[in-house]
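First comes the structure, then the notes that go with it.
The values are calculated or read from the model by the stated rules, or taken from the named source; none is laboratory data. Remember, predicted model here, so these are calculated numbers, not experimental data. So basically every Cβ, Gly included, is an ideal-geometry build from the backbone, and we count neighbours across all protein chains shown. The accessibility values were calculated without ligands, DNA or RNA, using every heavy atom of the protein model including side chains. Shrake-Rupley method; radii C 1.70, N 1.55, O 1.52, S 1.80 Å.
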Amino acid sequence: MASLKTICPGCFQDKGAVVICPKCGFDESEDQGSLALPLKTILNDKKYIIGKVLGKPGGFGITYLGWDMTLHNRVAIKEYIPRQLASRKSDRKTLEPHSKESELDFKYGLEQFLQEARTIAKFDNVHIVRIRSFFEENSTAYIVMDYYDGIPLMDYLSRQPDEKIPWKTAIDIMMPILDGLREVHENNIIHRDIKPQNIYITTGGRPILLDFGAARYSFGNKTQALTVVMTPGYAPPEQYHAKGKQGPWTDIYACAATLYNLITGEVPTDAAERLAQITLKPPVDIVPDIPKSLNEAILAAMSIDLNARPASIKDFQDMLLNAADTKATSDESPKSAKIAKINWAAALKNKKIQKTVLAVSIAAILIALTVTGISLYARETQRKAQIEEQQKSDAQKAAEAKRLKEEAAKKREETKKQAAIDLERGKAFASKKDYASAIGAYTKSIENERDVVSYYNRGLAYLELKQYNSAVSDFSEAIKIDPKQYLYYMNRAIANSKRNFYAEAIADFRRALELNPTDMEHRYEIYVAKAAAHFDEKEYPSAITDYTNAIKINPNKDGAYAYRGFLYQMTGNCEAAIEDFSRAIQLSPKEGFNYRLRGISYYDKKCPLMDVKKGNSDLTTAVRLGDEGAKEVILKLSSEGRF
């Protein structure tokens with residue numbers, strides 16, 4: 001094995017002293033994200049080395065490529081790190097809960113994470129990810145799993161024409177997954193997050209169900225952020241609230257939704273939207289050649305009413321097997337007739353027969369010549385008739401094809417026109433702040449035409465209604481259609497920030513900045529919002545840098561100065577803080593908030609510029625300008641005898 005210094009964290013081969021591995025192309029200098037462990041971190045008493053992050057970090061954990069230093073092979077290592085509850089300490093390894101309240105939920109989640117490992121480790125099914133070991137370290141826990149060469153089903157799907165696969169292939173993929181899931185359900189466990197992203201196809205073609213993280217995060221009456229685990233489009237209605245009745249039927253819905261996506265190339269309508277009377281388009285309407293029984297099986301398994309779904313995985317499998325059983329029986333071959341044998345050599349010795357045969361032969365030749373002439377004429381006449389009939393048929397087919405094409409074009413034009421009308425209706429509702437009606441209009445527009453503008457505007461409406469999961473889903477759809485529009489990334493980042501998914505938000509803000517080098521007003525807003533996400537992630541230097549970039553774009557807005565000053569004050573640079581607060585006051589002399597912040601800085605005993613008199617003056621001014629927070633500060637200082 002290569003030394004730790006020269007080993008590549010992307011493939012664990014020796015790459016020498018270069019930064020970019022010549023074997024796998026992994027760039028060691030690339031940022032892995034603020035939540036990820038540093039590359040080449042050693043875990044479990046020098047047993048494992050941490051490599052690159054695999055896939056996209058989830059809400060409760062990060063999965064890394066790892067190296068088993070004992071067995072000398074690659075593994076997958078999953079770390080428990082619920083971003084809503086904890087963050088890294090300054091050593092970039094140890095986890096620390098955000099608060100005392102968070103600590104209780106964090107510990108409970110940690111117990112469930114370890115219990116998940118113990119439970120899944122008992123399974124011995126080739127279609128369920130195999131757990132090798134688990135351990136606690138860095139105030140959290142890790143699960144070590146087999147690593148498989150292959151590709152996530154979602155990536156495989158994205159490489160197919162129209163991002164879909166034939167229905168028989170889809171069933172062939174899902175059947176083994178359902179086999180594995182039956183074993184899971186027999187142990188009274190539900191997966192709760194089945195989707196193409198959590199199914200892996202090995203290089204040998206074996207489908208494997210991954211990521212049982214959501215399976216053990218059913219925390220009873222604990223925090224909603226922990227109990228509500230779902231993926232829009234694949235999660236049934238009962239997963240949208242903490243007290244929803246969940247069971248095997250929950251996974252059956254998700255499996256059917258995954259099958260729907262594989263066959264149609266479309267993510268199913270979100271269950272929340274279906275509850276709002278937005279219908280799920282039947283698969284057969286998108287792919288007309290699928291069996292009717294398969295269409296019915298998928299719709300039954302995706303029923304909003306959980307009691308109407310198949311009762312078990314086996315029942316669902318039986319429905320799929322019935323749909324796949326399309327073999328036609330072949331016709332029986334006709335029985336051969338028995339032909340009597342005649343001894344022609346003996347018969348021809350008779351002279352009478354010889355004369356008869358000669359006469360018959362001559363007659364036969366004459367008849368044959370006549371018949372041949374007639375036959376040739378008939379064949380030519382028939383050939384000409386067939387050609388004329390074929391030409392007539394071709395002309396009719398061409399006319400019919402032209403008519404159908406014109407009808408389809410007319411229908412497309414009509415649906416496009418209706419989509420445009422519904423889009424404008426949605427905009428009109430939104431302008432009146434009737435966002436619920438706007439969403440209904442945008443949805444009708446999308447049903448008629450999968451248009452990027454409708455997805456984007458519906459996402460904005462969801463954002464206004466604080467339905468952040470749906471907003472993220474719509475902005476993601478917009479990005480799929482047009483991945484070069486920075487506004488889609490910017491607003492998805494805002495929605496993710498509202499969901500406390502700060503790492504994802506920061507990544508989207510970065511992409512928005514890359515795609516928008518010229519619109520300075522929006523660049524200012526993006527830098528300010530990105531700074532706030534860094535602040536929530538406790539990445540204070542990065543937040544200060546972003547506020548500084550915002551100030552460079554527009555030095556005449558007080559907000560960036562005020563918040564950068566607040567960060568300077570938090571990080572012990574009170575001189576820079578007071579300078580920023582003073583500039584904010586200069587720009588907005590009637591904003592009491594800015595006076596309050598500067599007043600607090602003047603009261604800081606550690607600040608070389610400490611000046612109680614100036615502090616009193618600023619806090620008094622803040623109160624006069626209507627800042628309620630300043631009143632609380634004065635009361636606190638007065639109780640300490642300092643005001």
Measure off, as a whole percent, the carbon and sulfur share of the 1.4 Å-probe accessible area of the stretch 422-500, all protein chains present.
48
Taking N as the number of residues in the stretch 43-189, the ratio of its alpha carbon radius of gyration to 2.2 N^0.38 Å works out to 1.20
Run the dipole for the chain about the Cα centre, Lys and Arg Cβ at +1, Asp and Glu Cβ at -1, nothing else charged, and hand back the magnitude in debye, nearest 20.
1840
Taking only the alpha carbons of the stretch 496-643, what extent do you get along each of the three principal axes, in Å, biggest first?
53, 28, 27
Applying 1/(1 + (r/R0)^6) with R0 = 51 Å to the Cβ-Cβ distance of Ala408 and Asp604, what FRET efficiency is obtained, to the nearest 0.05?
0.10
Post the alpha-carbon centroid distance, the stretch 508-578 to the stretch 36-108, in whole angstrom.
29
Positive end of the dipole of the chain, charges at C-beta (+1 Lys, Arg; -1 Asp, Glu), about the Cα centre: which of Met174, Ile479, Phe134 has its Cα farthest in that direction?
Met174
Suppose R0 equals 22 Å. What FRET efficiency, 1/(1 + (r/R0)^6) with r the Cβ-Cβ distance, do Lys56 and Gln160 give to the nearest 0.05?
0.60
Using alpha-carbon coordinates, inclination of helix 486-498 to the longest axis of the chain, degrees:
60
Near Lys5, which aspartates and glutamates are there with a Cα under 13 Å away, not counting those fewer than 8 places off in the same chain?
Asp14, Glu28
Excluding Ile290 itself, what net charge comes from residues whose Cβ is under 12 Å from its Cβ, given Lys and Arg +1 and Asp and Glu -1?
0
For Pro237, the net charge from surrounding residues (Cβ-Cβ under 13 Å; K, R +1; D, E -1) works out to 0
Sort the following peptides by mean Cβ neighbour count (other Cβ atoms within 10 Å, averaged over residues), highest first: 60-69, 85-94.
60-69, 85-94
Any of Lys195/Lys444; Lys243/Lys484; Lys46/Lys89; Lys314/Lys405; Lys552/Lys614 with alpha carbons more than 32 Å apart? Name them for me.
Lys243/Lys484; Lys314/Lys405
Taking 0.36 nm per intervening residue step and subtracting the Cα-Cα distance, what contour gain separates Arg499 from Ser29 on full extension?
166.3 nm
When the accessible area of the stretch 133-188 is computed with all protein chains present and a 1.4 Å probe, what percentage of it is carbon and sulfur?
42
Taking the Cα-to-Cβ direction at Thr94 and at Thr620 and moving 7 Å from each Cα, how far apart do the two end points lie in nm?
4.7
Along the charge dipole of the stretch 470-570, which of Thr518, Asn549, Ile494 sits closest to the positive end, that is, farthest toward it, with unit charges on the beta carbon of Lys, Arg, Asp and Glu (+1, +1, -1, -1)?
Asn549
Of His191, His98, His522, ordered by accessible area with the largest first and a 1.4 Å probe, the sequence is His98, His522, His191
Specify the angular offset, from 0 to 90 degrees and rounded to the nearest 10, of the alpha carbon long axis of helix 592-602 from the longest principal axis of the alpha carbons in the chain.
60
To the nearest 20 debye, the stretch 525-643 has a Cα-centred charge dipole, built from +1 on Lys and Arg Cβ and -1 on Asp and Glu Cβ, of 340
Nearest 0.05, what FRET efficiency do Lys243 and Thr202 give at R0 = 30 Å with Cβ-Cβ as r?
0.20
With every protein chain present, what is the per residue accessible area of the chain (1.4 Å probe, Å²)?
54
Using a cut-off of 14 Å between beta-carbons, work out the net charge of the residues near Glu400 (Lys and Arg +1, Asp and Glu -1, Glu400 not included).
+2
A correct Kirkwood calculation over the Cα atoms of the chain returns a hydrodynamic radius in Å of 30.3
